[in-house]
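What follows is a short report on a single structure.
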Amino acid sequence: MPRTLRTAALAILLVSFGAIAFADSHEDTNVYVWVNFVKAKPGQGDALIGFMMEEDSKNFDPLVESGAALEWGIAMPVVHDGNDPFSHVEWITFVGWEGVDTFMTDFMASRQAMSPEDMQALNERYQATVVAGSHADMINRNVHLGAGAPARPGYIHLGYWKAKPGKESDAMKAFKSFAAPVYDGLVADGKIQNYGLHVPAVHRNSGWTHMGWYASESLAARDVVDAAFEAAGAARSEEEQKQMQSDMMEIFAEWHEDQILMVVHHKAGSAGGD
């Protein structure tokens with residue numbers, strides 16, 4: 001992200017981690033999620049959320065309302081590792097890179113319209129809430145999306161996987177074969193709000209190749225999701241189960257990570273926001 005955006009701090013462009021991109025099709029590869037990670041100074045977490053809601057909504061809300069973006073939100077990690085590199089996640093879901101261009105144009109116009117005094121005040125407010133040097137970005141591309149309707153999520157559940165070299169397309173096939181049908185049933189039954197699969201659009205040092213996610217109103221949905229996958233496994237024959245396990249070991253490296261995000265602000269098109 002250009003230094004001017006970081007310095008102004010209004011965009012703190014982002015999650016999704018997780019990211020929820022609502023669309024009508026299961027295959028919409030023209031959807032990109034820009035995720036921003038940032039760490040609040042001790043005691044400044046609520047102030048940072050207030051800052052992002054107040055300032056970023058000035059640029060993000062019009063993008064959602066015009067259709068250039070599908071949604072944006074702010075979340076916090078539920079699971080901590082100690083000395084976490086970030087405390088807050090903010091994301092915005094764009095329709096193609098053209099949507100990003102629209103944001104960049106509008107953002108720079110709003111910055112140029114500010115007086116030097118107002119710009120300095122904005123920077124000082126940001127610097128008072130954020131640990132210097134903690135800002136990081138991630139841009140993901142949506143490669144599979146459930147049919148869930150827009151809704152405000154309470155939680156976003158994330159799973160990060162690393163396909164072995166040359167096995168990236170096989171990983172996608174495995175997700176569609178084994179995971180997507182279970183999630184589709186959960187969405188249809190109203191047990192989860194939606195789900196999807198992301199891959200990096202801009203490759204950094206993330207260590208993962210595929211990120212699966214699903215959104216829910218509550219953490220209790222995790223019990224329902226686990227039960228659904230257990231039932232799907234029980235429905236396979238012993239031979240089918242062994243073949244699936246063999247395929248997974250062939251496709252994926254042993255490395256795997258999970259995270260849960262608690263959503264504290266969300267705005268989506270078609271009445272899907274706060």
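The values are calculated or read from the model by the stated rules, or taken from the named source; none is laboratory data. Computed from a predicted structure; not experimentally measured. Note that each Cβ is placed from the backbone with ideal geometry, even for glycine, and that neighbours are counted across all protein chains shown. Ligands, DNA and RNA are excluded from the accessible area calculation, which covers all protein heavy atoms including side chains. Shrake-Rupley method; radii C 1.70, N 1.55, O 1.52, S 1.80 Å.
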Note to self: Run lengths n ≥ 4 of DSSP H only: what is the helix-derived mean residue ellipticity at 222 nm for the chain, with -39500 (n - 2.57) per run over all residues, to the nearest 500?
What the structure shows: -12000 deg cm²/dmol
Next item on the list: Would you tally the net charge around LYS173, using a Cβ to Cβ cut-off of less than 11 Å, leaving LYS173 out, and scoring K and R as +1, D and E as -1?
Entry: -1
Notebook entry, point to check: If you average 1/r over all unlike Cα pairs in region 125-274 and invert the result, what Kirkwood radius do you get in angstrom?
Noted result: 17.1
Check: With every protein chain present, what accessible area does LYS191 have (1.4 Å probe, heavy atoms only), rounded to the nearest 10 Å²?
Finding: 110
Next item on the list: Place the peptides 230-241, 123-134 in order of packing, highest mean first, counting for every residue the other Cβ atoms within 10 Å and averaging per peptide.
Entry: 123-134, 230-241
Notebook entry, point to check: Taking the Cα-to-Cβ direction at ALA147 and at SER206 and moving 7 Å from each Cα, how far apart do the two end points lie in nm?
Noted result: 2.7
Next item on the list: Would you mind putting 146-157, 251-262 in packing order, based on average other-beta-carbon counts within 10 Å, highest first?
Entry: 146-157, 251-262
Note to self: Using a probe radius of 1.4 Å on heavy atoms only, what accessible surface per residue do you get for the chain? Whole Å² is fine.
What the structure shows: 47
Checklist line | From the coordinates shown, Rg/Rh (Cα atoms, Kirkwood Rh) corresponds to which of [x] 0.93; [y] 0.99; [z] 1.09 | finding: [y]
Notebook entry, point to check: Dipole magnitude of the chain about its Cα centre, charges +1 at Lys/Arg Cβ and -1 at Asp/Glu Cβ only, in debye to the nearest 20?
Noted result: 520
Check: What number comes out for the charge environment of ILE192, summing +1 per Lys or Arg and -1 per Asp or Glu over other residues with Cβ under 13 Å away?
Finding: -3
Next item on the list: Sort the following peptides by mean Cβ neighbour count (other Cβ atoms within 10 Å, averaged over residues), highest first: 85-92, 100-107.
Entry: 85-92, 100-107
Margin query: Residues of region 203-235 with the amide nitrogen closer than 15 Å to a label point 7 Å from the Cα of VAL78, along Cα-to-Cβ, please.
Written below: 213-227
Next item on the list: May I ask which residue of ALA227, VAL38, TRP97 lies farthest towards the positive end of the charge dipole of the chain, with charges of +1 (Lys, Arg) and -1 (Asp, Glu) on Cβ and the Cα centre as origin?
Entry: VAL38
Notebook entry, point to check: So what is log10(I(q)/I(0)) for region 57-140 at q = 0.24 1/Å, when the Debye sum runs over its Cα atoms only?
Noted result: -1.24
Note to self: So if I take the centroid of the Cα atoms in region 203-249 and the same for region 108-143, what is the distance between those two points in Å?
What the structure shows: 37
Item checked: Efficiency of FRET between MET248 and VAL131 - r from beta-carbon atoms, R0 51 angstrom, step 0.05 -> 0.85
Notebook entry, point to check: Rounded to the nearest 20 Debye, what is the dipole magnitude of region 153-209 about its Cα centre when Lys and Arg each give +1 and Asp and Glu each give -1 at the C-beta?
Noted result: 240
